[in-house]
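*Asks:* Supplied in structure tokens, the structure appears directly below.
Laboratory data are not the source of any read-out in this text; all were calculated from the coordinates shown. Since the model is a prediction, treat every value here as computed from it, not as a measurement. No Cβ is skipped: glycine too gets one built from the backbone with ideal geometry, and neighbour counts run over all protein chains shown.
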Amino acid sequence: MNESAFGINLSFAVKRWPEPAVWAGFVREELGLSTVQFTFDLLDPMWPESTSRGLADQIREAAATHHIFIHSAFVGLANYTYNGLLHPLPEGRAAALEWWRRAVWLAAELGAGAIGGPLGGLSVTDGNDPLRKQALYDEMTESIGKITTWAKEAGLKELLIEPTPLMREFPHTIEQAKQLVQLLKQNTAIPVRYVIDVGHALYQPLYGPQASLSSWLNALGDYTSLIHLQNTDFQSDSHWGWPHPQGKFNLDEFASVLKTYQLSNLTVILEIFYPFEESDQNVKDNIVSSVKHCKSKLINQR
């Protein structure tokens, strides 16, 4: 893997280093990275357009100054807490679709090449009603089509969908992901591809101890553009870095899997989160050590 194919999600900067010049300088000068995935936790698409446009200009300028490529703009933790395109109320789903319309515009303003994230979650009531679940799923696929049309008009190249290990979200299994991509194949304005998060794909409480990244890539490799990398204990969606006392994710094995599949145009993005109460210095030290560890295992190893 060459260096430009490995980057970091900017989730670590939320509430700590939101200033574009600060995170850009840290990414380039202290981490030695040239690729980032922007998180909408740093700039909410629902902010006033004049505010968003001005901040987007600052972000684009900081990225250019530090020779950083914004690979994609991604749903952050804040938006993920909502039901999104699967909200039980039509007003909620309409608001979620409007969020995506504005997010597409903002991603283009940032100079990103793609936009993506999880799509939404069913309520417990809807999740237990097969007919209701199907109706909302059908509406969600129509919404995806609209999002890709907006994305094409904005100049974006891909819509990236991230499967999650929650049974009330779509897709949450390999089979669902295969079905969705086939359903959308002829009905989207730009390609729809997947982000496989290793912590999601290997979540044993849902998928069992036999869960493997190879299973996901064997089925979805041709439709996968990006992998989210995190350290995990396989019992939680941990998003830890390296080192971590409970982390069990083996980067040597991960590198071997990537070498086996040799996926073209695949980008690996480190996505690690920290408690807000964690000290800033501890966070910075762990990010540095995590990137160093990942680089030693992945860069030029394929």
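*Asks:* Here's a check for you: in segment 157-175, which residue that is touching a residue at least 60 places away in the same chain (Cβ under 8 Å) and outside any loop (DSSP other than H, G, I, E, B) is nearest to S236 (Cα to Cα)?
*Replies:* So the residue we want is E169.
*Asks:* Can you find even one residue in segment 176-189 that is buried (at least 19 other Cβ atoms within 10 Å of the Cβ) and outside any helix (DSSP H, G or I)?
*Replies:* Yes; the residues of segment 176-189 include at least one that is buried (at least 19 other Cβ atoms within 10 Å of the Cβ) and outside any helix (DSSP H, G or I).
*Asks:* Here's a follow-up. Of the residues that sit in segment 271-299 and are hydrophobic (A, V, I, L, M, F, W, C) and under 19 Å from the mean Cα position of the chain (by Cα), which one is surrounded by the fewest Cβ atoms within 10 Å (Cβ to Cβ)?
*Replies:* Selected residue: F273.
*Asks:* Sticking with this one: Starting from segment 273-302, keep only residues that are touching a residue at least 60 places away in the same chain (Cβ under 8 Å), then list their pairs with residues that are part of a helix (DSSP H, G or I) whose Cβ atoms are within a distance under 6 Å, requiring at least 6 positions of separation or different chains.
*Replies:* Filtered contacts from segment 273-302: F273/S11; Y274/V283; I287/F12; L298/A255; I299/E3; Q301/A255; R302/L258; R302/K259.
*Asks:* How about segment 49-156: which helices (runs of 4 or more DSSP H) wholly inside it have at least 3 residues that are of a type in the set (D, E, K, R)?
*Replies:* 49-65, 90-110, 130-154
*Asks:* If you scan segment 58-82, which residues turn out to be under 29 Å from V124 (Cβ atoms), in contact with an Asp or Glu (Cβ under 9 Å, 6 or more places away or on another chain) and crowded, with 16+ Cβ neighbours inside 10 Å?
*Replies:* F74, V75, G76, N79
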